[in-house]
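The values are calculated or read from the model by the stated rules, or taken from the named source; none is laboratory data. Here the structure is a predicted model, which is why all the values come from computation and not from measurement. All Cβ positions, glycine included, derive from the backbone under ideal geometry; neighbour counts span all protein chains shown. Surface areas here come from the heavy atoms of the whole protein model, side chains and all, with no ligands, DNA or RNA. Shrake-Rupley method; radii C 1.70, N 1.55, O 1.52, S 1.80 Å.
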Amino acid sequence: MSLRTKLLLGYLVFVAAILLLGIWSAWRLHDMGTVSRRIISENYDSVIAAQDMKESLERQDSAALFLLLGQRQRAIEQRNTHRARFDAAFQKAANNITEAGEPEVINTIRHDRDTYYQLFEEFDRAPNPNEYFSRLEPAFNRLRASCDNLLQLNQRAMLAKSEAAAGVARRWFLTALALATTLVVAGLGLAFFLADRIIRPLRELTAATVKIAGGDLSVKARINSSDEIGVLAAEYNRMAERIRQLRESDLGKLIVARQTTEAAIDSLYDPVVVTDAQGRVTKLNPAAEEIFGAEAECKGKHVEEVARDSRIAIAVAETLSSERPVASEGAAALLPIPVDGSQRSFRLRTTPMRGPDGQLLGAVTLLEDITHLREIDRLKSEFIATASHELRTPLTSVQMGVHLLLEQAAGELTDKQREVLESCREDCARLEKLMRDLLDLSHIEAGESVPQLVPIRTHELITSAAEHLRPQVEAKGLNFRTDAPPDLPRVRADRTQIERVLNNLITNAVRYTPRGGEVQVSVARRDRYVAISVTDTGSGIPHEFLPHVFDKFVKVPNAPSGGAGLGLAISKSIVEAHGGQISVQSEVGHGATFTFTLPVPREESAIAGSNGKGRS
């Protein structure tokens with residue numbers, strides 16, 4: 001018997017039981033209606049007739065009073081009208097005799113009526129109406145009493161029949177309730193029986209599935225029936241056998257390796273986004289799904305459509321274009337992203353994926369959760385800002401004192417004393433610059449130094465900043481070149497802050513490049529961003545320091561003295577506040593390239609799209 005047949009039989013039993021209960025209930029309701037109609041036809045009509053006779057009799061008695069008052073014409077009209085009504089009601093009651101004792105009451109009414117009519121005629125013709133009126137009143141009372149007897153007789157019969165009908169209705173109700181309860185209990189029993197017959201093999205099949213998912217491919221599902229579930233169990237066993245054969249083959253080993261890799265990615269606590277060579281999302285682990293949405297909805301979309309922060313898309317594009325990790329992999333801008341109602345900070349790491357033959361397959365982006373480190377860094381920044389602010393006043397006093405000593409006591413100082421004071425003045429100046437940088441960095445990180453973003457021509461911005469620094473670069477004996485095409489789109493930037501970033505990068509390039517070297521500033525379009533690069537031919541940066549060059553107070557070994565290690569940290573904060581990203585690529589002995597990006601206004605992107613410009 002198939003599963004469909006079992007379910008149909010079960011439902012048919014339910015339908016048949018409900019149909020029988022409905023037929024029985026309808027039959028009993030019909031009986032109740034019959035009882036109600038009997039009450040109306042046997043007693044209610046007689047009650048109405050008795051009430052009509054009493055009312056007509058009252059009107060005839062009023063006609064007698066009109067005769068006494070001398071209004072004979074009015075009395076005759078009222079008597080004739082209500083005598084006809086009385087006779088019609090009496091005839092209706094006489095034709096509806098259904099109760100014991102009712103014939104006697106009808107005969108009594110007929111006799112009393114005839115007597116009353118005869119006395120009324122004599123009263124009408126009598127020369128002395130007062131004498132006959134005294135005989136008419138007792139006849140009226142007897143006839144009214146007889147009508148009351150008829151009324152009460154039928155009312156008592158109606159009450160008795162109503163109570164009997166109520167008793168029958170109660171018995172039928174209890175009977176129907178018992179039948180319904182019995183059918184419900186039987187139906188529930190049948191439902192549990194069918195459910196057990198259907199669910200038990202499904203549970204066994206589920207248990208087998210769990211064991212196979214756990215790696216036990218030797219388990220088999222028991223086949224207890226020939227219905228659809230039995231067929232499913234048979235096919236399931238065949239599938240398990242095929243999986244066992246597949247695992248033993250090379251393809252099976254490859255699938256296991258892939259599943260292991262995906263399981264490893266899914267088990268990571270930090271969010272991971274895997275993209276192909278075109279920047280389309282191919283994999284999100286559960287931690288990333290909490291931020292970007294379900295993997296099924298994001299898969300196949302470009303990372304720009306999925307990522308909440310544009311810096312993620314920039315990092316992926318940078319990695320895919322350069323085919324190598326960048327500094328943003330280890331110390332890129334911190335990404336504040338809301339997760340489960342709380343703000344968390346992530347550090348961006350992007351690494352290219354390559355196949356066995358070195359071909360670029362895509363990129364893996366890891367968002368390292370450093371919320372706790374960010375909180376520690378915030379406390380440290382607040383402390384530095386407070387300390388720098390508090391030190392400015394005593395430092396200014398020391399500078400003024402040293403300056404006064406050098407100016408006013410020049411003739412009283414020995415050469416050694418003057419040398420010490422000159423050294424103190426230089427150290428005070430360097431310390432003042434350090435405190436200014438610390439305060440600027442604290443203001444930027446605290447969001448107090450918000451850039452005033454306005455559209456600026458990229459060519460003009462780069463050329464102006466580079467030409468301002470050209471004398472400083474060429475004074476060191478270096479070749480200085482700029483490559484900023486005039487047709488570059490405008491960028492949204494704060495001119496003063498971006499010029500400070502360029503000044504920091506070019507100054508660093510000059511410090512690390514020996515005489516006769518070259519420093520180059522170049523600009524290129526990258527989709528919805530403009531990438532600005534500062535390249536030198538200096539000593540380069542060791543690989544182990546690349547992830548940390550944008551951290552505070554970081555100095556590369558054997559670096560020229562003079563800096564405090566805050567310039568790149570400030571530059572990084574400024575670029576990120578503009579919605580861009582900064583990175584570095586370097587090899588020891590082959591110089592370094594610092595690159596930062598600035599967003600292009602939407603209208604500029606639209607113009608570039610209409611001109612057919614693609615990705616750079």
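Any residue in the stretch 292-313 that's within 18 Å of E262 (Cα to Cα) and part of a loop (DSSP other than H, G, I, E, B): show its pairings with residues that are at pLDDT 85 or above and charged (D, E, K, R) at Cβ separation under 9 Å, as long as the two are six or more apart or on different chains.
K299/R280; K299/K283; G300/R280
Examine the stretch 140-147 for a residue that is touching a residue at least 12 places away in the same chain (Cβ under 8 Å), part of a helix (DSSP H, G or I), touching a Phe, Trp or Tyr at 6+ places or on another chain (Cβ under 7 Å) and farther than 30 Å from L20 by Cβ, and state whether such a residue exists.
Yes, that holds for at least one residue.
Under 6 Å between Cβ atoms, at least 6 apart or on separate chains: pull out the pairs that start in the stretch 514-539 with a residue that is on the phi > 0 side of the Ramachandran plot and end on any residue that is open to solvent by 10 Å² or more (accessible area, probe 1.4 Å) and modelled with pLDDT under 95.
Sorted first by the residue in the stretch 514-539, then by its partner, the pairs are D527/R615.
Taking the residues in the stretch 98-113 that are without any contact (Cβ under 8 Å) to a residue 40 or more places away in the chain and not charged (D, E, K, R) as candidates, determine which candidate is surrounded by the fewest Cβ atoms within 10 Å (Cβ to Cβ).
In this case the residue turns out to be A100.
Which residue out of E297, E329 is modelled with pLDDT of 80 or more and open to solvent by 20 Å² or more (accessible area, probe 1.4 Å)?
E297
Could you tell me whether R242 is farther than 30 Å from L20 by Cβ, open to solvent by 90 Å² or more (accessible area, probe 1.4 Å), modelled with pLDDT of 75 or more and out of contact with any His (no Cβ under 8 Å at 6 or more places or on another chain)?
Taking the combined requirement at face value, the residue satisfies it.
S388 - would you say it is open to solvent by less than 50 Å² (accessible area, probe 1.4 Å), in contact with an Asp or Glu (Cβ under 6 Å, 6 or more places away or on another chain) and modelled with pLDDT under 70?
Taking the combined requirement at face value, the residue does not satisfy it.
Quickly run through the stretch 508-553 and pick out the residues that are within 26 Å of K433 (Cβ to Cβ), open to solvent by 30 Å² or more (accessible area, probe 1.4 Å) and assigned to a loop (DSSP other than H, G, I, E, B).
P514, R515, S539, D551, K552, F553
Among the listed residues R526, R481, R492, R457, which satisfies the condition of being modelled with pLDDT under 90 and either farther than 26 Å from V316 by Cβ or touching a strand residue (DSSP E or B) at 6+ places or on another chain (Cβ under 6 Å) (or both)?
Of the residues listed, the single one that is modelled with pLDDT under 90 and either farther than 26 Å from V316 by Cβ or touching a strand residue (DSSP E or B) at 6+ places or on another chain (Cβ under 6 Å) (or both) is R492.
May I ask you to verify whether K220 is at pLDDT below 75 and open to solvent by 90 Å² or more (accessible area, probe 1.4 Å)?
yes
Here is a list: A307, A317. Which entry is modelled with pLDDT of 85 or more and surrounded by 15 or more Cβ atoms within 10 Å (Cβ to Cβ)?
A317
Going through the stretch 48-66 one residue at a time, which ones are open to solvent by 10 Å² or more (accessible area, probe 1.4 Å) and within 18 Å of L159 (Cβ to Cβ)?
Correct list: I48, Q51.
Among the residues of the stretch 114-129, is there at least one that is among the hydroxyl-bearing types (S, T, Y), crowded, with 18+ Cβ neighbours inside 10 Å and touching a helix residue (DSSP H, G or I) at 6+ places or on another chain (Cβ under 7 Å)?
Yes; the residues of the stretch 114-129 include at least one that is among the hydroxyl-bearing types (S, T, Y), crowded, with 18+ Cβ neighbours inside 10 Å and touching a helix residue (DSSP H, G or I) at 6+ places or on another chain (Cβ under 7 Å).
Regarding the stretch 168-176, can at least one residue be identified that is surrounded by 14 or more Cβ atoms within 10 Å (Cβ to Cβ), over 58 Å from the mean Cα position of the chain (by Cα), in a helix (DSSP H, G or I) and aromatic (F, W, Y)?
No.
Within the stretch 452-478, track down each residue that is among the β-branched types (V, I, T) and open to solvent by 50 Å² or more (accessible area, probe 1.4 Å).
Answer for the stretch 452-478, where residues must be among the β-branched types (V, I, T) and open to solvent by 50 Å² or more (accessible area, probe 1.4 Å): just V454.
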